[in-house]
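Novice: My questions will all concern the structure given below.
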Amino acid sequence: MTDSNLTDSPDETGYETSVPPEESPAECPYCGRPLESERLLVLHEGLDHWERLDDDRREAFQEAYVGEGDDLRTFRLKMLALLVVVYFAFLFVYSYVMEDPFSSTNAALLLVGCWRGVR
Amino acid sequence: MRRSTARKRLLALAGTALVAAIAFAGTALAHGGSLRTEAGSMSVPTWLFLLTGGGVVGASFLLASFVTDRALIRAIHDWRRVASAPLAGLTTVTQALSVLALVGVVAVGFDGPTDPLRNAAVLVVWVGWWAGYVATVYLVGNTWPALNPWRAVTQWLPTLDRNYPDKLGAWPSVVGLLALIWLEVVSPLADDPRLLATVIAGYSAVTLAGALAFGPDRWFGHVDPVARVFRYYGRVAPLRYGDDGLELRPPGAALAEPKLVDDADEVAFVVAILWVTTFDGLVGTPQWAEFAEAVVGAGVPAVVVYPSALVAGFGLFLWAYWTAARYSRQTADTYLTVGAIARRFAPSLLPIAAGYHLAHFLGYFLSLSPALASALTNPWNPPINPSVIVLPDWFGGLAVAFVLLGHLLAVWVAHASAYEVFPGRLQAVRSQYPFVIVMVLYTMTSLWIVSAPSAEPPFV
Ligand SMILES: [Zn+2]
């Protein structure tokens, strides 16, 4: 473990980090923070050192930032699915516990409707 | 242009979240309200009520993760209005008044009526100060530096400026906070005005001696638990008085700033704030009474039960938080150290503590405020039967809502902090998984305490 303590760096973004010895991090040329990948380095530079970047690096940042969009879209869909599952799980449990046949029927109908809509 | 569509989208999202949370929590709230009055005829079983609370917090994390526009998050957190306010001259007046109030509280405590509901010292300290004033600190702003009577006195006197041992850090304040809460729980501080006055006099002696020896900045910055609790609670609030004047920001926005919590001792203090608020409620539940009686029945001396539970619970909370930080390092796949992560996300615990404090004390404050008012009009001879407001049933539901609101703000603050820390947006969301699990578990615990019928703590 090589510990590089960055808390004393003049830059506001200094974070204490530790890099496993077998890994070769992409190090930020401006504040020295080791980043986990080249892509994250590009993002970090654009977010924290925008004023000091040349046009190439700025363009690279914008590409990388927009590129995150695809992953985020997939991620959001998964989260939405999870949200729907949680919501209906609660609806079912409530209708079961409250012994209210109407709300559980409604929940079932809604769920079927949603599923058809997705298809 | 883009900003305004983004804002509309956020508003729509917030609206949906609110509607979902209300729909989710509606039945649960009704349940929480009825629990205190008619525990026998509950419609929703407790486990489902707790699960719903946990579900709301989990769902709010899912919803927060939909906000992925960095510009929008920064816009929300950087929003501020500054007004010049020449308040500096006022502090001398407020400090002088609060020194007078301190002297008055001690005098009435020693010499006033012995009935706690008629004694102005008891009512000012517990109802006015610990319930009401503390709430203004996290709801409005930290006015304590302008009021702190002990700080005022030490500023007027020459100090010795001894060297404070730096390696102690803020640990003395962690110990002090736990000690104060232990004293509050095991002794009849809220029932015995004489004892309360003695404790305040003792606390004043220690505080004045310490502040005069090490200088007020060191003492109130590192050792005095009261000043430090207020400093952290004040960061939740929207108003702050600084060099530019009076600054208004969204509630909790100041918590996402870096370096608010800068070492392990500060992390421990923030966790201690959360734990002592919880412990205060925990000892008032029938389950605690059963547990304490069983432990004492098994041969453990009664005096050991409270301090060891206090320390063990604190250890458990610290362990849970640091474990979450350790897992967060893995889920975010980051080179940041566990310590860096723990420090960065500790401030997001503060809205939870504030929400829990409000849930615990607002009802207490409202129901006893007429007694406080009548005792203040005539401290030496207040009316014989002070009036007390009986709160309606739905008030228990309000308490549940405060607990949930605190958690929702915490989820948002953690989300915004993660976006500041991590360059990758998915990385930022992933860093929150372990914290959310801990938060959901904690929500369920605190909802259980808030909705449990109240019982007298045994052996105190
Ligand atoms: Zn950098």
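The values are calculated or read from the model by the stated rules, or taken from the named source; none is laboratory data. Keep in mind it's a predicted model, so treat the numbers as computed, not measured. Note that each Cβ is placed from the backbone with ideal geometry, even for glycine, and that neighbours are counted across all protein chains shown. Only protein heavy atoms, including side chains, enter the accessible area calculation; ligands, DNA and RNA are left aside. Shrake-Rupley method; radii C 1.70, N 1.55, O 1.52, S 1.80 Å.
Novice: Report the charge-dipole magnitude of the stretch B:68-220 in Debye, nearest 20, computed about the Cα centre from +1 at each Lys and Arg Cβ and -1 at each Asp and Glu Cβ. Could the numbers behind the result be given before it?
Specialist: Working: 10 positive and 10 negative charges, 97 e Å.
Dipole about the Cα centre, nearest 20: 460 debye.
Novice: For the stretch B:2-451, with only Lys/Arg (+1) and Asp/Glu (-1) charged at the beta-carbon, what is the dipole magnitude about the Cα centre, in debye rounded to 20?
Specialist: With only Lys, Arg, Asp and Glu charged at Cβ, the dipole is about 1620 debye.
Novice: Give me the residues in the stretch B:389-437 whose solvent-accessible area, probe 1.4 Å, is reduced by at least 50 Å² once all protein chains are included instead of the chain isolated.
Specialist: In the stretch B:389-437, residues shielded by partner chains: B:Pro423, B:Arg425, B:Leu426.
Novice: Still on this structure: First check a/c for the stretch B:34-192, with a ≥ b ≥ c the square roots of the eigenvalues of its C-alpha gyration tensor; if it is under 1.5, answer rounded, and if not, answer prolate when a/b is larger than b/c or oblate otherwise.
Specialist: Here the stretch B:34-192 falls in the oblate category.
Novice: What's the longest bit of chain B with no exposed trypsin sites (Lys or Arg not before Pro), using DSSP loop states and at most 15 other Cβ atoms within 10 Å as the test?
Specialist: After excluding every exposed loop site, the longest remaining stretch is B:260-460.
Novice: List every residue whose amide H lies under 5 Å from the amide H of A:Glu27, counting only residues 5 or more places away in sequence or on a different chain, with H placed 1.01 Å from N in the peptide plane.
Specialist: Amide H to amide H, under 5 Å and 5 or more residues apart or across chains, A:Glu27 pairs with A:Leu35.
Novice: First compute the accessible area of the protein assembly as shown with a 1.4 Å probe, then give the percent of it belonging to carbon and sulfur atoms. Could you put the intermediate results ahead of the total?
Specialist: Numbers: 17940 of 27490 Å².
That fraction is 65 percent.
Novice: Okay, next question. Using +1 at the C-beta of Lys and Arg and -1 at the C-beta of Asp and Glu, which of B:Leu260, B:Phe279, B:Val122 has the Cα lying farthest in the positive direction of the dipole of the stretch B:2-451?
Specialist: Value: B:Leu260.
Novice: State whether the stretch B:349-460 is rounded, prolate or oblate according to the following rule on the C-alpha gyration tensor (a ≥ b ≥ c being the square roots of its eigenvalues): a/c under 1.5 gives rounded; otherwise a/b larger than b/c gives prolate, and the remaining case gives oblate.
Specialist: Prolate shape, in that a/c is at least 1.5 and a/b is the bigger ratio.
Novice: Using the Cα centre of the protein assembly as shown as the reference point, and only Cβ charges (+1 on K/R, -1 on D/E), how large is the resulting charge dipole? Debye, rounded to the nearest 20.
Specialist: 1300 debye
Novice: At the nearest 100 Å², what buried accessible area, both sides summed, do you get for B and A when the probe is 1.4 Å?
Specialist: Chain pair B/A: roughly 3600 Å² of buried accessible area.
Novice: Counting pairs of alpha carbon atoms under 8 Å apart in space and at least six apart in sequence, what relative contact order in percent does the stretch B:2-451 give?
Specialist: 25 percent
Novice: Please check the stretch B:323-371 for residues whose accessible area, probe 1.4 Å, is lower by 50 Å² or more when all protein chains are in place than in their chain alone.
Specialist: Relative to the lone chain, where solvent access is computed with a 1.4 Å probe, the stretch B:323-371 loses at least 50 Å² at B:Tyr335, B:Leu336, B:Thr337.
Novice: Another question, then. What residues in the stretch B:44-66 lose 40 Å² or more of accessible surface when the other protein chains are added to their chain alone (1.4 Å probe)?
Specialist: Listed by number, the residues meeting the 40 Å² cut-off are B:Leu48, B:Leu62, B:Phe66.
Novice: Write down the accessible area per residue of chain B in Å², having rolled a 1.4 Å probe over the full set of protein chains.
Specialist: 43 Å²
Novice: I would also like to ask the following. Rounded, prolate or oblate: which fits the protein assembly as shown, taking a ≥ b ≥ c as square roots of the Cα gyration tensor eigenvalues, rounded meaning a/c under 1.5, else prolate when a/b beats b/c?
Specialist: Working: a/c = 1.85, a/b = 1.24, b/c = 1.49.
Verdict is oblate for the protein assembly as shown.
Novice: Another question about this same structure. Please sort through the DSSP H helices of chain B and keep those with an alpha-carbon extent of at least 18 Å along the long axis and a Kyte-Doolittle average not below -1.0. Spell out each step's value before the answer.
Specialist: Numbers: long enough: B:2-37 (51 Å, 0.46); B:46-64 (27 Å, 1.68); B:90-111 (31 Å, 1.72); B:171-186 (23 Å, 1.89); B:193-214 (31 Å, 1.42); B:264-282 (26 Å, 1.41); B:302-331 (43 Å, 0.70); B:350-377 (35 Å, 1.12); B:395-421 (39 Å, 1.57); B:433-451 (27 Å, 1.68).
For chain B, where a helix must reach 18 Å along its axis and average at least -1.0, the hits are B:2-37, B:46-64, B:90-111, B:171-186, B:193-214, B:264-282, B:302-331, B:350-377, B:395-421, B:433-451.
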